[in-house]
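Enquirer: First the structure, then my questions, so here it is.
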């Protein structure tokens, strides 16, 4: 299955990020430039200040420690002294933490299946609608399986959000077996020649054990019906919640066999360094980020653009 990877206007979309991330970052670049330029920071004091900035931006203590340690070693080895040299070195340390991860979304298989998991309130339903719109724009036919059958009004909410995208919806009655919905969605996709199946999974059941059993059953049904599937199992995380969501996400990710992360609500009051923390803690690549409620506010995560924004000065261009 082929799709035009350039069908999403990536660079134009990312130009909107500076203003939005400016609201959620701790202005690391501006603070460091100001204090370094005034000669206020030197030696160990510089590294202590940087550590505090990284932690306050929600990078997490272990990641902050790694970045500061790497910068200290690089600065000594390369005899870095000027503010711009140190900021360039910090940028390189950040990129090395993010490099080497596969951020591509797999469309292998016919039909291809993407499982979408995440706790209620994470933006999971909105993300599924955005994914459906994205795939349809790429010329792929999309079918959505409404397998979050236990949450009140979940099916109606999904139907309402998916309808404008042009994707089809397969749904049963509330309280139905989620795996049975997936089974029927696969049959429908085969019969109708659909390219991609997006599976909405339950974010909460009566007990955690039941939730895990249902998630595992959904995956087994997909594996049993389609060899090599699911191609993706995406875990949706709410950036606003921060570190509190990571433990829950780890459990979800293990059961569904997560392949990547979608981080939503970066336009809220979350800290900009959160993406470093989730990648380190979960061992998964951030593949997509969301910065708003509009159907187009979902894009591929670009590590270089992200780091450049975090280390930029406060003076940002207006959105165009």
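The values are calculated or read from the model by the stated rules, or taken from the named source; none is laboratory data. All figures in this text were calculated on a predicted structure; none of them were measured in a lab. Using ideal geometry, Cβ is built from the backbone for each residue, glycine included, and neighbour counts are taken over all protein chains shown.
Enquirer: Quick check on the stretch 180-195: of everything there that is farther than 11 Å from residue 168 by Cβ and in contact with a strand residue (DSSP E or B) (Cβ under 8 Å, 6 or more places away or on another chain), which residue is surrounded by the most Cβ atoms within 10 Å (Cβ to Cβ)?
Expert: Within the stretch 180-195, the subset farther than 11 Å from residue 168 by Cβ is 180-184, 186-187, 190-191, 193, 195.
Remaining after also requiring in contact with a strand residue (DSSP E or B) (Cβ under 8 Å, 6 or more places away or on another chain): 181-182, 184, 186, 195.
On the way: 181: 24, 182: 28, 184: 15, 186: 24, 195: 20.
Among those residues, the one meeting the criterion is 182.
Enquirer: In the set 143, 107, which member is in a loop (DSSP other than H, G, I, E, B), surrounded by 18 or more Cβ atoms within 10 Å (Cβ to Cβ) and modelled with pLDDT of 90 or more? Talk me through it step by step, then tell me what you get.
Expert: Working: 143 fails: in a loop (DSSP other than H, G, I, E, B).
Within the list 143, 107, the selection yields 107.
Enquirer: Residue check: is residue 131 surrounded by 15 or more Cβ atoms within 10 Å (Cβ to Cβ), touching a strand residue (DSSP E or B) at 6+ places or on another chain (Cβ under 7 Å) and assigned to a helix (DSSP H, G or I)?
Expert: Details: surrounded by 15 or more Cβ atoms within 10 Å (Cβ to Cβ): yes; touching a strand residue (DSSP E or B) at 6+ places or on another chain (Cβ under 7 Å): yes; assigned to a helix (DSSP H, G or I): yes.
For residue 131, the condition - surrounded by 15 or more Cβ atoms within 10 Å (Cβ to Cβ), touching a strand residue (DSSP E or B) at 6+ places or on another chain (Cβ under 7 Å) and assigned to a helix (DSSP H, G or I) - is met.
Enquirer: Follow-up question, since we're still on this one. Testing residue 66 on (1) within 21 Å of residue 239 (Cα to Cα); (2) crowded, with 17+ Cβ neighbours inside 10 Å; (3) at pLDDT 85 or above, one condition comes back false. Which one is that?
Expert: Evaluating residue 66 over (1) within 21 Å of residue 239 (Cα to Cα); (2) crowded, with 17+ Cβ neighbours inside 10 Å; (3) at pLDDT 85 or above leaves (1) as the failure.
Enquirer: Give me a count of the residues in the stretch 289-299 that are crowded, with 18+ Cβ neighbours inside 10 Å and over 9 Å from the mean Cα position of the chain (by Cα). Give the derivation first.
Expert: Let us first name the residues in the stretch 289-299 that are crowded, with 18+ Cβ neighbours inside 10 Å, namely 289-291, 297-299.
Restricting the remaining residues to those that are over 9 Å from the mean Cα position of the chain (by Cα) gives 291, 297-299.
Residues flagged as crowded, with 18+ Cβ neighbours inside 10 Å and over 9 Å from the mean Cα position of the chain (by Cα) within the stretch 289-299 amount to 4.
Enquirer: Another question, then. For the stretch 146-182, which positions are part of a strand (DSSP E or B), in contact with a helix residue (DSSP H, G or I) (Cβ under 6 Å, 6 or more places away or on another chain) and farther than 21 Å from residue 119 by Cβ?
Expert: As a first pass, look at the stretch 146-182 and keep what is part of a strand (DSSP E or B): 146, 168-170.
Checking which are in contact with a helix residue (DSSP H, G or I) (Cβ under 6 Å, 6 or more places away or on another chain) leaves us with 146, 169-170.
Correct list: 169, 170.
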